[in-house]
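Trainee: Sharing a structure with you now.
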Amino acid sequence: MKDIKWIKVVFWLSAIATVLVVLWWATVFYFVGQQTGESMSNFAVCLFAPTAECNLLRGMAWLQGINPYEPIAFLWTLSLTVFAWFANRSLKA
């Protein structure tokens, strides 16, 4: 029974962390979008992939004094959330 409680704690903490990482992405690329005149939807791939264009745009944010967004943070938090969700479901069965 204690395992289920810990898995729920891990799930909720990782879900909150995932939301915070998405907010970090949105903040960085909102400012980048203001500089480039592009819509944030053009930067959606930057949420999870470190492409050359995304790295250039992250560098633009860094030059403006904004902490550059790291896609690996999204991938780790999302992976942990999904893992905890599946673990919780399997322990309930």
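Trainee: Take the Cα coordinates of the chain, assign each an equal point scatterer, and use the Debye formula without solvent to give log10 I(q)/I(0) at q = 0.11 Å⁻¹.
Mentor: -0.40
Trainee: May I pose another question? Which angle from 0 to 90°, rounded to the nearest 10, does the C-alpha axis of helix 52-63 make with the longest principal axis of the chain?
Mentor: With both axes taken from Cα atoms, the answer is about 80 degrees.
Trainee: For the chain, set up a Gaussian network in which alpha carbons nearer than 10 Å are linked by springs, and say which option among 80, 23, 57 fluctuates the most.
Mentor: Top of the fluctuation ranking is 23.
Trainee: Tell me the carbon and sulfur percent of the accessible area for the chain, rounded to whole percent, probe radius 1.4 Å.
Mentor: Within the chain, the accessible surface is 71 percent carbon and sulfur.
Trainee: Can you give the FRET efficiency for residue 86 and residue 56, using 1/(1 + (r/R0)^6), R0 = 30 Å, r = Cβ-Cβ distance, to the nearest 0.05?
Mentor: So, using R0 = 30 Å, E works out to roughly 0.25.
Trainee: Same structure, new question: What does the accessible area per residue of the chain come to in Å², with a 1.4 Å probe and no ligands, DNA or RNA counted?
Mentor: On a per-residue basis, the chain sits at 68 Å².
Trainee: Picking from 22, 32, 45, which is most flexible by a Gaussian network model of the chain using Cα springs under 10 Å?
Mentor: Top of the fluctuation ranking is 45.
Trainee: Here's a follow-up. Which angle from 0 to 90°, rounded to the nearest 10, does the C-alpha axis of helix 71-92 make with the longest principal axis of the chain?
Mentor: 20
Trainee: With each label point set 7 Å from Cα along the Cα-Cβ vector, what nm distance links residue 31 and residue 70?
Mentor: 1.7
The values are calculated or read from the model by the stated rules, or taken from the named source; none is laboratory data. Just so you know, these numbers come straight off a predicted model, no measurement behind them. When we count neighbours, we look across all protein chains shown, and the Cβ atoms used for this are built from the backbone with ideal geometry, even at glycine. Only protein heavy atoms, including side chains, enter the accessible area calculation; ligands, DNA and RNA are left aside. Shrake-Rupley method; radii C 1.70, N 1.55, O 1.52, S 1.80 Å.
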